[in-house]
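Computed from the coordinates by the stated procedures, all read-outs in this text should not be read as laboratory data. Quick caveat: nothing in here was measured; it's all calculated off a predicted structure. Heads up, the Cβs are rebuilt from the backbone with ideal geometry, glycines too, and the neighbour counts pull from every protein chain shown.
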Amino acid sequence: MDDYHVMSAFATIIQCNEVQKMNVLVKTVVAAALISASAAAGASTFDFSYSFADGQQVTGDFTGVTADGGQSVTSISNIQVQLNGIAFAPVAVGGQTLGNATLQANTWNPATGAFVDSTPVTIYANGALNNFVISDVDAATNTSPDYEFAYLNDLTNSLFQVVAANFLQTDSFSQAEGNSTQLAVDSPGTAASWKLTEATPVPIPASLALFASGLGFLGFRSRSRRAA
């Protein structure tokens, strides 16, 4: 075989290797995109409410993932909470902003008698199973929130309580009950007063779907060039 044919064969081998590498890359990225899309498709918006014995009410919503039709929800994010229609939100006082705009959830650990970061939060449709707090701080390290909603069922420490408090706001309930700020307490909590419903699935972003289809097209072109 002369030098020309040797070089030509060598170039063909290199081109085939590059095409194969491109195909592997495309397949990997497409798979990652589809996995992300699947996770996004599994997320839903959930509405919740708790009606206290004195007539006060907590309402709100969050994004989460359920594998059992909404009986238990994990991966909690995008949380919104209102107590008697007043949002858990920052308030400007004397030129200073109090409260955190981002709410987070922590799990109550009966073994330690404290909120923790180590256990992912699960919120249940059955109120008797709940052990969580939603607040504007990391409750595992900060015991001074500006607003919080806690739902505890701790058999180990005999702690059964639902508490909602907004220390930045007042309303007719707090005034009537002699509290300087919003406060609602049920001790013990009533599971029948808790509602958790799946509102709407979170849609897959159109840009993600377009991205995945575009990568598939690149793979098709790569194969076409190799065939040519």
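A Förster radius of 25 Å combined with the Cβ-Cβ distance from Glu177 to Ile86 puts the calculated FRET efficiency at roughly 0.95.
Computed from backbone phi, the HN-Hα couplings of the range 183-188 come to 7, 9, 9, 10, 9, x Hz, rounded to whole numbers (Karplus: 6.51 cos²θ - 1.76 cosθ + 1.60, θ = phi - 60°; Gly and Pro given as x).
Model label sites at Thr141 and Thr170, defined 7 Å from Cα along the beta-carbon direction, differ in position by 3.4 nm. The relative contact order of the range 43-201, computed from alpha carbon pairs under 8 Å that lie at least 6 residues apart in sequence, is 24 percent. Taking a ≥ b ≥ c as the square roots of the eigenvalues of the Cα gyration tensor, the range 43-201 is rounded, since a/c falls below 1.5. Distance between the modelled labels on Asp154 and Ala114, one decimal in nanometres: 1.1 nm (7 Å Cα→Cβ projection).
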